[in-house]
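We did not get these values from a lab; they are worked out from the coordinates using the rules stated. Just so you know, these numbers come straight off a predicted model, no measurement behind them. Here Cβ is always computed from backbone atoms with ideal geometry, including for glycine, and neighbour counts include all displayed protein chains.
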4 protein chains.
Amino acid sequence: MSEEKLDATIEKEMGRKETGRIEAFSDGVFAVAITLLVFNLKVPQLPAGDTSPVIDLGKALFNQWPSYLAFVTSFATILIMWVSHHSIFKMVYKSDSPFLFANGLLLMLVTVVPFPTALVAAYLRDPAAAMACAVYAGIFVLINIAYNLLWWTASHKRTLLNPDVSDAQVKSLARNMYFGFPVYLLATLLAFLNPYITIVICTMMWIYWTFTFFERSSTTEVLES
Amino acid sequence: MSEEKLDATIEKEMGRKETGRIEAFSDGVFAVAITLLVFNLKVPQLPAGDTSPVIDLGKALFNQWPSYLAFVTSFATILIMWVSHHSIFKMVYKSDSPFLFANGLLLMLVTVVPFPTALVAAYLRDPAAAMACAVYAGIFVLINIAYNLLWWTASHKRTLLNPDVSDAQVKSLARNMYFGFPVYLLATLLAFLNPYITIVICTMMWIYWTFTFFERSSTTEVLES
Amino acid sequence: MSEEKLDATIEKEMGRKETGRIEAFSDGVFAVAITLLVFNLKVPQLPAGDTSPVIDLGKALFNQWPSYLAFVTSFATILIMWVSHHSIFKMVYKSDSPFLFANGLLLMLVTVVPFPTALVAAYLRDPAAAMACAVYAGIFVLINIAYNLLWWTASHKRTLLNPDVSDAQVKSLARNMYFGFPVYLLATLLAFLNPYITIVICTMMWIYWTFTFFERSSTTEVLES
Amino acid sequence: MSEEKLDATIEKEMGRKETGRIEAFSDGVFAVAITLLVFNLKVPQLPAGDTSPVIDLGKALFNQWPSYLAFVTSFATILIMWVSHHSIFKMVYKSDSPFLFANGLLLMLVTVVPFPTALVAAYLRDPAAAMACAVYAGIFVLINIAYNLLWWTASHKRTLLNPDVSDAQVKSLARNMYFGFPVYLLATLLAFLNPYITIVICTMMWIYWTFTFFERSSTTEVLES
């Protein structure tokens with residue numbers, strides 16, 4: 001290894017550190033938010049004097065399925081968001097204030113997710129389910145906007161991007177994110193038709209993104225590394 | 001890269017590690033505290049036999065706006081505090097006990113923030129709002145004192161500061177922090193006149209700091225890096 | 001140190017970083033999940049007008065022993081899981097999508113653990129204990145499957161493994177994990193015979209793994225480092 | 001820098017990494033546990049039809065002083081524990097299974113702290129205070145035992161210690177920790193005489209350790225770095 005190369009390597013490492021603490025803090029927020037989702041799973045109370053407690057506890061646990069569904073959907077969605085966040089930060093090697101602000105907005109919305117999740121868990125089998133599910137998908141609309149904002153602040157003049165990121169990569173990431181906006185908006189509106197459609201769309205979204213990510217990572221090495 | 005330079009680079013890196021674990025621990029505390037704010041957002045209970053549940057859930061969610069306002073204000077304020085904490089630690093390369101103690105005091109007050117936030121969320125539309133808002137702004141007065149103490153322990157003899165930090169930077173940071181004290185004190189007192197003024201001042205503070213940070217980071221490179 | 005060696009060292013370090021952020025995020029999730037277990041320990045309420053409050057608070061605290069038992073068992077099990085996760089990631093130096101997906105599934109199940117723990121704490125001395133304990137051990141069956149999946153995605157073609165990991169190590173880790181599946185499944189089924197057996201088996205499992213780990217780490221250095 | 005020195009530096013860095021992930025995980029647990037203490041601060045409920053709500057909310061907040069006292073004492077004690085943990089890990093450069101086990105025991109007890117803190121907050125002004133305070137100090141007795149165990153597993157044969165740690169340092173750290181055991185035991189027993197004595201002793205302990213740390217760090221550089 002020549003001195004120049006070593007120099008460049010060390011400087012690159014140091015350059016990475018500029019965004020390192022933001023990334024570590026963001027990771028912390030994602031990790032706490034995703035773990036707090038478990039508070040939506042509540043221990044059911046059996047009525048006093050229950051004559052078949054084992055079966056009734058089983059039934060009570062089974063009847064909480066909207067909680068489990070909301071838990072899995074929110075967990076998977078936050079995890080996918082974290083992967084996207086990671087993808088963005090891998091292409092970024094500097095930060096500025098609009099970027100920090102957009103990241104802050106995104107983190108705020110991510111920490112909010114346990115709230116609409118609790119709302120869906122509480123109301124999915126209730127006549128008020130339409131509103132609960134609309135709020136749930138509505139939060140994902142806002143999160144999508146925050147992601148687009150984050151990526152725009154990072155890439156619009158390419159000032160914060162790593163020089164070896166190609167235009168194709170910038171566009172591919174943007175396209176993948178734009179796409180989420182109309183789908184989540186549709187999911188929000190369709191809640192008033194049938195709340196289950198909203199949950200199905202949200203579930204399909206994270207499954208879709210997981211598979212896209214599979215494919216993408218086998219073709220473009222940079223995104224995977 | 002000469003051997004001396006490499007030597008210095010590695011030593012600098014190791015020097016940074018002295019405060020590295022304190023910084024990582026502080027980041028963890030900030031990340032958990034900011035994420036716990038979501039517990040102030042509660043799932044509303046609809047009365048049994050509600051005849052228009054979808055609209056009523058919408059109304060109940062809307063009526064919780066004091067919770068959302070308190071959530072956003074606290075989230076943004078903790079985030080700005082974290083950025084300030086980061087700015088301070090970027091200039092510090094050693095730690096001593098008074099510095100550790102001041103940092104501990106600061107962290108304690110930061111973890112407290114969800115409590116007055118819950119207080120404001122519960123009482124903002126209530127006759128007791130004045131007391132809730134005074135306590136809310138009062139915590140920020142205390143946090144401001146802790147920040148000034150932290151910066152003072154780091155900079156008063158410059159023993160803990162990175163040698164390349166200029167006097168102008170030390171003063172600029174101090175000035176920016178002194179300023180918070182009278183404003184938050186005023187916000188505390190004005191709560192008894194009108195609690196909403198307190199919330200408006202606290203909101204203006206984080207917006208002001210976000211913009212100041214914007215400007216500052218475009219003029220002085222060191223603070224941004 | 002020759003240039004080649006330095007080169008290799010730095011590249012190895014960078015290679016490690018590929019899985020570094022996933023590992024750091026996973027650690028965060030484990031750390032939060034393990035700490036949230038404390039919410040299963042509840043402050044007992046004494047009846048109003050209690051005539052011997054000191055003794056009665058002591059008794060009330062003592063009567064909560066199912067909570068303490070569930071807390072210790074879950075804490076130790078999550079900790080052992082974290083150690084296993086660490087062992088797996090020490091042998092892995094690359095990641096791909098199936099591996100990320102398996103890791104996500106594992107993390108989701110780990111964050112769930114506080115829920116069945118609360119269930120056992122609430123129902124262990126109750127007629128419904130059988131169901132609570134079956135769910136508790138059932139989660140560990142699922143976690144075991146997720147671990148096997150994670151290790152399989154990492155090792156089946158050895159594409160993600162560190163080249164110096166021997167076949168013996170791959171098999172030894174797999175064998176250790178397969179073993180958990182039938183035992184936890186048995187613990188799940190035996191809950192309907194006697195719920196305490198389930199807790200005893202789960203306790204024996206983490207004690208067994210702790211001791212195995214002891215032995216293993218004294219014979220094979222690689223696993224310990 | 002000679003090649004040998006660079007080699008040694010890099011190897012030392014890698015050597016540190018062996019305990020690095022345990023340290024990072026432990027930090028995460030400490031950070032979450034210390035932040036969860038805030039849940040002991042509860043929003044007071046005012047009676048309906050209160051005629052002087054502002055003053056009554058102030059009074060209700062003031063009457064919660066046992067919560068604040070317990071919060072500050074626990075926060076400061078966990079922080080001091082974290083500093084001690086940090087001191088121990090700075091002298092350790094390898095880990096083995098008994099050490100990992102002792103660290104796990106310590107972490108479990110640290111995560112428990114919010115529970116006796118809640119107990120003290122709930123019962124300090126109640127006739128049952130003696131039991132609550134005895135449990136509170138009792139947890140610190142157990143934590144002290146875990147610390148002594150951790151330090152013993154690390155230092156008894158010096159196999160895990162950094163070679164440049166002197167015997168004097170090993171003894172000084174051990175002496176400082178032994179000392180905690182009889183004092184916390186006394187605090188536990190004296191709770192039955194007067195619960196406030198327990199809180200005073202616990203408060204004096206963290207103040208004492210803060211000051212000791214001040215002094216120690218000015219005489220022995222190694223412990224500070």
Original post:
Just D:N162, D:N63, D:N40 to compare: in a GNM of chain D, with alpha carbon springs under 10 Å, which one fluctuates most?
Top reply: D:N63
Original post:
Expressed as a fraction of 2.2 N^0.38 Å, the rule-of-thumb size for a compact globular protein of N residues, what is the C-alpha radius of gyration of chain D?
Top reply: 1.22
Original post:
What is the distance in Å between the Cα centres of the range D:137-207 and the range B:38-82?
Top reply: 45
Subject >> chain A: most fluctuating residue of A:R125, A:R21, A:R158 per GNM, C-alpha cutoff 10 Å >> reply: A:R21
Original post:
If you count, for every residue in D:80-86, the Cβ atoms of partner chains within 10 Å of its Cβ, what is the mean?
Top reply: 2
Subject >> Hz values of 3J(HN,Hα) by residue in the range B:57-74 - Karplus curve (6.51, -1.76, 1.60), Gly and Pro given as x >> reply: 5, x, 4, 4, 5, 5, 5, 7, 3, x, 4, 5, 4, 5, 4, 5, 4, 5
**OP:** Return P(r) of the protein assembly as shown (all Cα-Cα pairs; 20 Å bins starting at 0; whole %; ordered from short to long distances).
**Re:** 13, 48, 35, 4, 0
**OP:** For A:L142, go 7 angstrom from Cα along the Cα-to-Cβ vector, then report the distances to that same point in the other copies in nm, smallest first.
**Re:** 2.9, 2.9, 4.1
**OP:** Could you run the Karplus curve 6.51 cos²θ - 1.76 cosθ + 1.60 with θ = phi - 60° over the range D:97-114 and give me ³J(HN,Hα) per residue in whole Hz, x for Gly and Pro?
**Re:** 5, x, 5, 4, 5, 4, 5, x, 4, 4, 4, 4, 5, 5, 5, 6, 3, x
**OP:** Bin width 10 Å, alpha-carbon pairs only: give the P(r) of the range A:13-96 as whole percents, running from 0 to the bin holding the largest distance.
**Re:** 15, 31, 21, 15, 10, 6, 1
**OP:** Please list the non-local residues whose amide H lies under 5 Å from the amide H of D:V43, H modeled 1.01 Å from N, same-chain partners needing a gap of 5 or more.
**Re:** none
**OP:** Amide H neighbours of B:V92 under 5 Å, at least 5 residues apart or on other chains, H built in the peptide plane: list them.
**Re:** B:N162
**OP:** Please give the per residue volume of the convex hull enclosing the alpha carbon atoms of the range C:124-200, rounded to a whole number of Å³.
**Re:** 79
Original post:
Applying 1/(1 + (r/R0)^6) with R0 = 25 Å to the Cβ-Cβ distance of B:T203 and A:L142, what FRET efficiency is obtained, to the nearest 0.05?
Top reply: 0.85
Subject >> Per-copy distances of the D:V72 label point, shortest first, in nm (7 angstrom along Cα→Cβ) >> reply: 3.5, 3.5, 5.0
**OP:** May I have the extent of the alpha carbons of the range D:25-157 along their three principal axes, as whole Å values ordered from largest to smallest?
**Re:** 68, 28, 17
Subject >> the range A:21-28 - phi-based ³J(HN,Hα) in whole Hz, Karplus 6.51/-1.76/1.60, Gly and Pro as x >> reply: 6, 4, 5, 5, 5, 4, 4, x
Subject >> Percentage relative contact order, chain A, counting C-alpha pairs under 8 Å, at least six apart >> reply: 22
**OP:** Using the 7 Å Cα-to-Cβ label point, sort the distances from A:D50 to its equivalents in the other copies shortest first and give them in nm to one decimal.
**Re:** 2.6, 2.6, 3.7
**OP:** Quick one: compute a quarter of the convex hull surface over the Cα atoms of the range A:65-105 and quote it in nm².
**Re:** 3.3
Original post:
R0 = 30 Å: FRET efficiency of A:R125 with B:N63, Cβ-based, nearest 0.05?
Top reply: 0.80
Subject >> Pairs beyond 23 Å (Cα-Cα), from B:K94/D:K94; B:K94/D:K157; B:K94/B:K171; D:K90/D:K171; A:K42/B:K59; A:K94/C:K90 >> reply: B:K94/D:K94; B:K94/D:K157; A:K42/B:K59; A:K94/C:K90
